[in-house]
Amino acid sequence: MLHAEGKNAQGGDTHTGTVAGEPCALAPRSAYRRANELPFKNSLPEAQSDFMRAVIQRVLKACVSVAGEKHASIEQGLLVLVGVGSDDSAGDVSYLAEKTAGLRIFEDAKGRMNRSVEDIGGALLVVSQFTIFGDVRSGRRPNFRSAATSKKAELLYGQYVDQLKSRDLKVETGIFQAAMKVDLVNYGPVTILLDSKKNF
């Protein structure tokens, strides 16, 4: 399992790592605030990351806890970490929601990746995660200049969740800007990266 500790999704101070068998904490608020308030000087070209991103993991189960209490959980389905870029709009939301729901990464009767979360009647756990916009091309400390403001990110994150729910999918979520811990069992493992500008 993944492990990370911190104070916030799309927002707080955090320390991250990968440790088998432990929960995952997401999203640093103070880093988010610094990224959107302080100027950043970098001799490298501007990162091409002003688009909505998602890290999608195929899971047997996943859950999110807040303040030591379980907040939401799913069985077989997808754990989705979502980041909103500064230039994102409703079009980016629609593209990413449709792609997420239709992503064929579950096995069919022949053992091939040919079925979507809709096809198997699976569930989704969606967690806001601005740190997937971290740019570490210069130095070791990431900057999050391309991430949207918290107000915009919360709005588009909510629209993404609503569009998934409109497809009659079971959707659970974390709490925006809360200190969270996420437990998951990634089956495969299978992890897919999506972005609304189709760079990957």
Subset of the stretch 110-144 [under 19 Å from E172 (Cβ atoms) and of a type in the set (V, I, T)]: V117, I120, V126, V127
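For the structure I just gave you, tell me whether Y187 is in contact (Cβ under 8 Å) with a residue 40 or more places away in the chain and under 15 Å from the mean Cα position of the chain (by Cα).
no
From the residues in the stretch 157-177 that are of a type in the set (S, T, Y) and out of contact with any helix residue (DSSP H, G or I) (no Cβ under 8 Å at 6 or more places or on another chain), which one is nearest to G122 (Cα to Cα)?
Ranking the candidates gives S166 first.
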Take the stretch 166-200 and flag every residue that is modelled with pLDDT of 95 or more and basic (K, R). R167, K170, K181
Yes or no: K152 among the basic types (K, R), out of contact with any Phe, Trp or Tyr (no Cβ under 8 Å at 6 or more places or on another chain) and closer than 18 Å to H71 by Cβ? no
Taking the stated definitions as given, is E107 farther than 17 Å from L193 by Cβ, acidic (D, E) and under 13 Å from the mean Cα position of the chain (by Cα)? no
In the stretch 160-184, the residues that are surrounded by fewer than 16 Cβ atoms within 10 Å (Cβ to Cβ) and either of a type in the set (S, T, N, Q) or assigned to a strand (DSSP E or B) (or both): S166, K170
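The values are calculated or read from the model by the stated rules, or taken from the named source; none is laboratory data. Bear in mind the structure is a predicted one, so any value in this text is a computation, not a measurement. Here Cβ is always computed from backbone atoms with ideal geometry, including for glycine, and neighbour counts include all displayed protein chains.
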